[in-house]
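Here's the structure we're looking at; comments come further down.
The values are calculated or read from the model by the stated rules, or taken from the named source; none is laboratory data. Please read these numbers as outputs of a predicted model, since none were measured by experiment. Don't worry about glycine lacking a Cβ; one is built from the backbone with ideal geometry, like all the others, and counts go over all protein chains shown.
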Amino acid sequence: MNVFALALGGALGTLSRYGLGKAADRVYGGSYPLGTTLVNLLGCFFFGLAFAVITAKGLSHTHKLFVITGFMGAFTTFSTYMFESHSLVTGQRLSTFLISVGLQNIVGFFLVYVGLVLGSKACGTTF
């Protein structure tokens with residue numbers, strides 16, 4: 001049952017992310033990545049809301065897998081990143097928070113660049 005809940009939540013999160021992104025692109029149509037921004041910001045709100053409700057209501061592990069890991073994980077992992085960052089700050093682990101944010105943002109940005117360069121060279125294209 002847990003695997004089914006996880007898979008169903010993931011499928012629904014993926015479809016929701018895709019649909020919202022496409023809708024934002026149709027409405028806005030600009031050069032700013034509005035769809036991704038909306039998904040990430042809404043994901044943060046809904047992650048917090050869902051986590052609070054699931055915890056307060058004492059819902060099952062299957063519910064948590066469906067909503068938090070499945071749906072939210074597929075909708076946006078940014079919400080998990082923000083939740084974990086919040087947990088580090090509220091747990092007064094500021095140095096760990098700064099390391100995490102710096103590592104994931106700066107090194108992550110660099111690794112996207114490295115991946116693009118290597119992938120481009122392997123395929124004979126440029127970005």
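Closer than 30 Å to Phe4 by Cβ and either at pLDDT below 95 or out of contact with any helix residue (DSSP H, G or I) (no Cβ under 7 Å at 6 or more places or on another chain) (or both): does that describe Ser120? Taking the combined requirement at face value, the residue does not satisfy it.
Scanning the range 53-86 for residues that are of a type in the set (Val, Ile, Thr), assigned to a helix (DSSP H, G or I) and either over 13 Å from Asn2 (Cβ atoms) or within 15 Å of the chain's Cα centre (by Cα) (or both) returns Val53, Ile54, Thr55, Val67, Ile68, Thr69, Thr80.
Between Phe78, Phe71, Phe45, the distinction of being at pLDDT below 95 and surrounded by 17 or more Cβ atoms within 10 Å (Cβ to Cβ) belongs to Phe78 only.
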